[in-house]
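The values are calculated or read from the model by the stated rules, or taken from the named source; none is laboratory data. Since we're looking at a predicted model, the values are computed, not measured. Cβ: placed from backbone, ideal geometry, glycine included. Neighbour counts: every protein chain shown.
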Amino acid sequence: MPLPTARPDDPAAVLHSSPPPRAGAPTVLKIVIAGGFGAGKTTAVGAVSEITPLSTEEYLTEASADVDSLAGIEAKVTTTVAFDFGRLSLPDAPMPLELFLFGTPGEDRFVDLWYDLSRGAVGAVVLVDTRRLESSFTPVSFFEDIGLPFVVAVNQFDGAHRYHPEQVRAALELPAAVPVVTCDARDTNHVAGVLLALVDHAVNSVATINRAGHAPSTTFQDA
Ligand SMILES: Nc1nc2c(ncn2[C@@H]2O[C@H](COP(=O)(O)OP(=O)(O)OP(=O)(O)O)[C@@H](O)[C@H]2O)c(=O)[nH]1
Ligand SMILES: [Mg+2]
C-alpha cells in the first residue's frame, strides 16, 4: 500500500496556533507512539498512562500467522487492531504538560490509520526492536514522508543484543537531527524520558522551521 504523501497538520502550526493556556494550566499535546509489529507500543502507553489505557487488542490467530511474524516475540498472543490511548500529566516539566498518547497498530497494512492518528500531533516516538529491525523502516519512512518530528526509542528487550544508538542510527539511515535513545517500554520513568525528549525535539524542529522562514498555514485541530 503506498504511503500517503500529504502532510498532516503542521507541527509548527500546532505549537503556534494553540490558544495560549490559562496561567498555570498545562499545554496539551498529542503524541503518536509508533513502531513495528510487537515493538512495545501498547506496553509503553500502559507504562506511563495515569488513566486506565484504552486498548483495542485482539488475539492473534492462525490466519494472521503469515502476515504477523512472531520471530523473536513468540510469547505474544494479542495485537492492536485500532489504537491505544493514554494520558500523562507532567506538571513539573519546564513547561507544565498534559500529553495525550495514541499508540498505533504495528502492521503497515494499517497505514491509513497511522495517518489519521498523526493528525494534529506534535511528534511521534518510533519504538524499535533491534531483533526485528526491518519492521522499523516503514514507520520511520512514514514520519519522514509526512514531515512529523520523531525520535527513535530502542526498546531493549531482555536477552537482545545491546547496540549503540549510533549503530541503530546508521542501520536505519537516520539523519543526525533525529534523536536516538534507549528505553525499557515497561518502565514508567524511561518512557516519560522518551516523551520529554520528543517534546524537546518537536520544539527545536519548530524553531528550525521558523528560522528558515516557514509560515505555518494550518490550524490546530483533531487532537
Ligand atoms: N522483555 C521485554 N518485553 C517487552 C518490552 N516491551 C514489550 N514487551 C513485551 O513484548 C510483547 C509485545 O508488546 P506490545 O506492547 O503488545 O507491542 P506492540 O508494539 O503494541 O504490538 P502490536 O500492537 O501488535 O504491534 C508483550 O508481550 C510485552 O509484554 C520490553 O521492554 N522488554
Ligand atoms: Mg499494540
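Looking at segment 109-121, can you tell me whether even one residue there is within 15 Å of ALA39 (Cβ to Cβ), hydrophobic (A, V, I, L, M, F, W, C), within 10 Å of ligand 1 (Cβ to nearest atom) and modelled with pLDDT of 95 or more?
No: segment 109-121 contains no residue that is within 15 Å of ALA39 (Cβ to Cβ), hydrophobic (A, V, I, L, M, F, W, C), within 10 Å of ligand 1 (Cβ to nearest atom) and modelled with pLDDT of 95 or more.
May I ask you to verify whether GLY106 is touching a helix residue (DSSP H, G or I) at 6+ places or on another chain (Cβ under 7 Å), more than 16 Å from ligand 1 (Cβ to nearest atom) and assigned to a loop (DSSP other than H, G, I, E, B)?
no
Can you give me the number of residues within segment 75-103 that are more than 19 Å from GLY35 (Cα to Cα) and among the small types (Gly, Ala, Ser)?
Final tally of qualifying residues: 2.
Can you find a residue in segment 17-40 that is out of contact with any Ser or Thr (no Cβ under 9 Å at 6 or more places or on another chain), in a loop (DSSP other than H, G, I, E, B) and at pLDDT 95 or above?
yes
Of ALA34, ALA47, ALA82, which residue is in contact (Cβ under 8 Å) with a residue 24 or more places away in the chain, buried (at least 19 other Cβ atoms within 10 Å of the Cβ), within 14 Å of ligand 2 (Cβ to nearest atom) and more than 17 Å from PHE157 (Cβ to Cβ)?
ALA34
Given the structure, is ILE73 at pLDDT below 95 and not acidic (Asp, Glu)?
yes
Scan ASP92, ASP108 and give me the residue that is buried (at least 16 other Cβ atoms within 10 Å of the Cβ) and of a type in the set (D, E, K, R). So that I can check it myself, show each step before the final result.
Values: ASP92 fails: buried (at least 16 other Cβ atoms within 10 Å of the Cβ).
Result of the check over ASP92, ASP108: ASP108.
Among the residues of segment 82-103, count how many are aliphatic (A, V, I, L, M), within 16 Å of ligand 1 (Cβ to nearest atom) and assigned to a loop (DSSP other than H, G, I, E, B).
Residues flagged as aliphatic (A, V, I, L, M), within 16 Å of ligand 1 (Cβ to nearest atom) and assigned to a loop (DSSP other than H, G, I, E, B) within segment 82-103 amount to 1.
Looking only at segment 161-200, which residues are part of a loop (DSSP other than H, G, I, E, B) and either in contact (Cβ under 8 Å) with a residue 40 or more places away in the chain or within 23 Å of PHE102 (Cβ to Cβ) (or both)?
Scanning segment 161-200 gives LEU174, VAL178, PRO179, ASP184, ALA185, ARG186, ASP187.
How many residues are more than 9 Å from ligand 2 (Cβ to nearest atom) and modelled with pLDDT of 85 or more if we restrict to segment 50-70?
8
For residues in segment 50-64 being of a type in the set (D, E, K, R), more than 8 Å from ligand 1 (Cβ to nearest atom) and farther than 19 Å from VAL125 by Cβ, which is surrounded by the most Cβ atoms within 10 Å (Cβ to Cβ)?
Only one residue fits best here, namely GLU58.
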